[in-house]
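The values are calculated or read from the model by the stated rules, or taken from the named source; none is laboratory data. The structure presented is a predicted model; accordingly, all values stated were derived computationally and were not measured. Note that we place each Cβ from the backbone using ideal geometry, even for glycine, and neighbour counts take in every protein chain shown.
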């Protein structure tokens, strides 16, 4: 009869241990998720900086290339307004490239806490195996 009273106690102790370990693991995973989100926010800041850089380069490029192209094309006999249009299109194409690079760094998939999610899935599998034993 002593064995029967020990079995439920051992089982309860085991379950309590699993729950305690699960809570500690969850707290650790939440801390990891916070850190990863913080790192991803810093990366997003870099993406925003690239957007700002794209704007700055586009403005400077528009002015410099417009002047150079207008003068160069005007020397060939093309009207100033056509030369300005050609240069504007080229500058906007460069700005588009920078904007697309910045956008890719701000995408939801780039900011998701993938390492944490992978670790949580692994932890869940370990807890399931422990509870089966």
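Here is how the numbers come out for the structure above:
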{"quantity": "Residue in the stretch 3-19 that is within 30 Å of residue 121 (Cβ to Cβ), surrounded by 11 or more Cβ atoms within 10 Å (Cβ to Cβ) and in contact (Cβ under 8 Å) with a residue 40 or more places away in the chain present", "calculated": "yes"}
{"quantity": "Residues satisfying the stated conditions in the stretch 64-93, i.e. touching a helix residue (DSSP H, G or I) at 6+ places or on another chain (Cβ under 6 Å) and under 12 Å from residue 54 (Cβ atoms)", "calculated": "91"}
{"quantity": "The stretch 35-63 residues that are on the phi < 0 side of the Ramachandran plot and at pLDDT below 90, paired with ones that are crowded, with 16+ Cβ neighbours inside 10 Å and outside any helix (DSSP H, G or I) (beta carbon under 6 Å, 6 or more apart)", "calculated": "36/113; 37/113; 44/106; 47/106"}
{"quantity": "Identity of the residue in the stretch 70-87, touching a residue at least 12 places away in the same chain (Cβ under 8 Å) and under 30 Å from residue 104 (Cβ atoms), that ends up surrounded by the most Cβ atoms within 10 Å (Cβ to Cβ)", "calculated": "87"}
